[in-house]
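The values are calculated or read from the model by the stated rules, or taken from the named source; none is laboratory data. Here the structure is a predicted model, which means the values were calculated and not measured. Cβ coordinates were reconstructed from backbone atoms using ideal geometry, including for glycine residues, and neighbour counts include every protein chain displayed. Note: accessible area is taken over every heavy atom of the protein model, side chains too, but ligands, DNA and RNA are not part of it. Shrake-Rupley method; radii C 1.70, N 1.55, O 1.52, S 1.80 Å.
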Amino acid sequence: EDAQIKPFIAECALLLDTKEKEDCTMKNIWSIIGREIRYPFEAREKGIEGTVDIEFVINKEGKLDEFAVVNGIGYGCDEAALYAVKKLSKSNLTWIPAKQNNKNVNYLYKIPVKFFLDDPIKKKKKK
């Protein structure tokens, strides 16, 4: 559903500006994903890079559910991205649900998880 007020993390609630709440929420999200994500061996070996898009629902109670890969690149990256994003539901983050007309509503959240290898040519050059 569309929402007048997007969901955000409770620790960001004291920020008055909507953009600041969104930035604070994204910072917390990426902190967890960054800690949990692993570049799959097969993808690394084959030089696979790209973005895996993950969707999930933040429901009316502020719980995360219905995780899905909506655009994948394969070679284990889809599973790795899904695993890392699912960790958000097991974290200690408390979500404030989205609101529409002053009522809590379900909200479809999309996250692009990027897989990029370091450039091996740059590593070979001497500093």
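Points to keep in mind about this one:
- Scanning the range 77-113 for residues that are more than 10 Å from the chain's Cα centre (by Cα) and assigned to a strand (DSSP E or B) yields a count of 10.
- Evaluating Phe56 against the criteria (1) open to solvent by 50 Å² or more (accessible area, probe 1.4 Å); (2) not in a loop (DSSP other than H, G, I, E, B) leaves one unmet condition, (1).
- Condition broken by Ala68, with the remaining ones in (1) open to solvent by less than 30 Å² (accessible area, probe 1.4 Å); (2) not in a loop (DSSP other than H, G, I, E, B) satisfied: (1)
- Residue check, Ile73 part of a strand (DSSP E or B) and crowded, with 18+ Cβ neighbours inside 10 Å: no
- Number of residues in the range 34-43 that are in a helix (DSSP H, G or I), buried (at least 17 other Cβ atoms within 10 Å of the Cβ) and hydrophobic (A, V, I, L, M, F, W, C) equals 1.
- When residues of the range 9-43 are limited to those that are farther than 21 Å from Lys87 by Cβ and not aliphatic (A, V, I, L, M), the one nearest to the chain's Cα centre (by Cα): Lys21
- Pairs meeting the criteria (first residue in the range 82-99 and touching a residue at least 12 places away in the same chain (Cβ under 8 Å), second residue among the aromatic types (Phe, Trp, Tyr) and open to solvent by less than 30 Å² (accessible area, probe 1.4 Å), beta carbons under 6 Å, at least 6 apart or on different chains) are Ile96/Phe8.
- Test result for Ile33, farther than 18 Å from Tyr107 by Cα and in contact with a Lys or Arg (Cβ under 8 Å, 6 or more places away or on another chain): yes
- Leu14, sole failed condition from (1) surrounded by 16 or more Cβ atoms within 10 Å (Cβ to Cβ); (2) assigned to a loop (DSSP other than H, G, I, E, B); (3) not acidic (Asp, Glu): (1)
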